[in-house]
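Asker: Can you read through this structure? Questions will come right after.
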Amino acid sequence: MRYFMLALLACVAAVACGNPLGLPAAFISNVVDTVSLYALSGTPVSLPSGYSIISRHTVRTDQGSPFDFAFDIDTAETARLYPTGALKLGQQSGLQLSAQQFDSIKIAPTGNYKLDSAQVVNVNTVLILHSSTFTCSYGIPGVLYAKLHVLEIDTTSAPNGRRIDFEILTDSNCGYRGLEPGVPRH
């Protein structure tokens, strides 16, 4: 009971100080990473096709590692990103198309994410994403938010083809939605 009262007082104090969610202070700096993923079909399974927002790493989707979205190119050579629900892995992660330029996105929205369908992407497509739900270090469920800008799509079957290259910025501070470089304020 004492721990609960201390936590409640900390939340009340945080709200009074302009932090309406009562989140602990952010301390992880947001950085832009450049990433390559390979298509789920038509490439060796040893190449990464998925990306984990939580770990900020590419993953092989065949090894059971958790991921938040995967990349594929269909038979018409249309590139698509798939949140987990679109791959029948549960409606956990989400993505949404953004009309804003990558550098103009300052904060992630809380709603209107596609959970169970793929998003067609082209060069210069910008998306906002959220991870699957996980338990934050301070014990409450949360998600991480990210923004993504497609730099290149290679649909050839060359050894390094059937690939998407993108830049991504993830706010690794659980519960924060700030999508600018540096330590977020939101």
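Asker: Just give me the residues in segment 57-83 being part of a loop (DSSP other than H, G, I, E, B), in contact (Cβ under 8 Å) with a residue 40 or more places away in the chain, closer than 21 Å to N124 by Cα and of a type outside the set (D, E), in sequence order.
Answerer: We begin by selecting, within segment 57-83, every residue part of a loop (DSSP other than H, G, I, E, B); these are 60, 64-68, 74-78.
From the residues that got through so far, the ones that are in contact (Cβ under 8 Å) with a residue 40 or more places away in the chain too are 66, 68, 77-78.
Still in the running and closer than 21 Å to N124 by Cα: 68, 77-78.
Hit for segment 57-83 is T78, nothing else.
Asker: Would you pick out the residues in segment 63-75 that are more than 16 Å from the chain's Cα centre (by Cα) and farther than 13 Å from A39 by Cβ? Walk me through it before giving the result.
Answerer: So in segment 63-75, the residues more than 16 Å from the chain's Cα centre (by Cα) come out as 63-64, 72-75.
Across segment 63-75, the qualifying residues are Q63, G64.
Asker: Check whether at least one residue in segment 140-157 is without any contact (Cβ under 8 Å) to a residue 24 or more places away in the chain, more than 25 Å from F27 (Cα to Cα) and surrounded by 13 or more Cβ atoms within 10 Å (Cβ to Cβ), and report yes or no.
Answerer: Scanning segment 140-157, I find at least one residue that is without any contact (Cβ under 8 Å) to a residue 24 or more places away in the chain, more than 25 Å from F27 (Cα to Cα) and surrounded by 13 or more Cβ atoms within 10 Å (Cβ to Cβ), so the answer is yes.
Asker: Would a scan of segment 33-49 turn up a residue that is out of contact with any His (no Cβ under 9 Å at 6 or more places or on another chain), surrounded by fewer than 16 Cβ atoms within 10 Å (Cβ to Cβ), under 29 Å from S137 (Cβ atoms) and at pLDDT 95 or above?
Answerer: Yes, that holds for at least one residue.
Asker: Same structure, new question: Name every residue in segment 84-119 that is in contact with a Phe, Trp or Tyr (Cβ under 8 Å, 6 or more places away or on another chain), of a type in the set (G, A, S) and not in a loop (DSSP other than H, G, I, E, B), in order of residue number.
Answerer: G94
Asker: Please go through (1) assigned to a loop (DSSP other than H, G, I, E, B); (2) modelled with pLDDT of 95 or more for A25 and return the number of the only condition it doesn't satisfy.
Answerer: Status for A25: all satisfied but (2).
The values are calculated or read from the model by the stated rules, or taken from the named source; none is laboratory data. Computed from a predicted structure; not experimentally measured. When we count neighbours, we look across all protein chains shown, and the Cβ atoms used for this are built from the backbone with ideal geometry, even at glycine.
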